[in-house]
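Undergrad: Before we start, here is the structure in question, set down as structure tokens.
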Amino acid sequence: MTDYLSLDFETFSRVNLKKAGLSRYVRDSSTEVLMLAWALNADDVSLWVPAEGELMPRRLQELLRDPAIVKRAWNAQFEQAVFKHVLGMEVPAREWRCLMVLAYSLSLPGALGKAGEVIGLPQDNKKDSRGKALLRMFSMPRKPTKTLSHTRVLPHMKPDKWEELKNYCKQDVEAERAIWR
């Protein structure tokens, strides 16, 4: 039986991913990993949060280095590029499976949330719709105002929203695994 490691990053960068493209985004010095949700097979989803000073768990390192374990993600090229250019870890392309490509091959939408809706995932397996606002808050710079001079929202500034983002990240892995099944 094949083992599958499901992965989903949330990152911050001063670079606009949609405007600049993935290559420029991951190579920019401002790009950093906020968190990574991960799960082996049907295990509970774990969360590594380097934005809180956590070191990558040894178990995750071992799984990433094991060529027998298939790594999978929605739009896997993003995770591959983050591992390579932001974290300096080369995970060979042959070890990856892109769930978005699988969805396209089955005539499903390329957006994780839309694909979950189309196949009728129950609410506890769907992508969390509140995620866009949370990502805008923590993953992109903001314009300073007269009352708020900072250009970035850090976890300690909005701890309740940060916890929501952590749950959102884990929920994406749940949604990806549900679509895979």
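The values are calculated or read from the model by the stated rules, or taken from the named source; none is laboratory data. Keep in mind that this is a model prediction, so the values were computed, not measured. Note: ideal-geometry Cβ built from the backbone for every residue, glycine included; neighbour counts use all protein chains shown. Areas reflect the complete protein model, heavy atoms only, side chains present, ligands, DNA and RNA absent. Shrake-Rupley method; radii C 1.70, N 1.55, O 1.52, S 1.80 Å.
Undergrad: Using 5 Å bins from zero, what percent of all Cα-Cα pairs in segment 1-90 falls into each bin?
TA: Answer for segment 1-90: a P(r) of 3, 13, 25, 27, 17, 10, 5, 1, 0 percent.
Undergrad: Could you go through segment 71-80 in sequence order and give the Karplus-derived ³J(HN,Hα) for each residue, using 6.51 cos²θ - 1.76 cosθ + 1.60 with θ = phi - 60°, rounded to whole Hz, and x for Gly and Pro?
TA: 8, 9, 7, 7, 6, 4, 4, 5, 4, 4
Undergrad: Let me know the charge dipole size of the chain about its Cα centre in debye, to the nearest 20, where only the beta-carbon of Lys, Arg (+1) and Asp, Glu (-1) is charged.
TA: 940 debye
Undergrad: Then there is this: What's the carbon and sulfur percent of the chain's accessible surface, probe 1.4 angstrom, rounded to a whole number?
TA: Using a 1.4 Å probe with all protein chains present, the chain comes out at 50 percent carbon and sulfur.
Undergrad: Let's test the formula: R0 of 35 Å, r as the Cβ-Cβ distance of residue 70 and residue 142. What FRET efficiency results, to the nearest 0.05?
TA: 0.40
Undergrad: Looking at 1, 42, 16, which one has the Cα that reaches farthest to the positive end of the dipole of the chain (charges on Cβ: Lys, Arg +1; Asp, Glu -1)?
TA: 16
Undergrad: Given N residues in the chain, what is Rg(Cα) / (2.2 N^0.38 Å)?
TA: 1.03
Undergrad: I would also like to ask the following. Net charge around residue 159, counting only other residues with Cβ within less than 14 Å of its Cβ (Lys, Arg = +1; Asp, Glu = -1)?
TA: -1
Undergrad: Starting from the Cα-Cα distance between residue 181 and residue 2, subtract it from 0.36 nm times their residue separation and give me the gain in nm to one decimal.
TA: 63.0 nm
Undergrad: Provide the per residue accessible area, probe 1.4 Å, for segment 1-118, rounded to a whole number of square angstrom.
TA: Per-residue value: 52 Å².
Undergrad: While we're on this one: Once label points are set 7 Å from the Cα along Cα→Cβ at both residue 42 and residue 19, what is their separation, rounded to one decimal in nm?
TA: According to this spin-label approximation, the distance is 4.6 nm.
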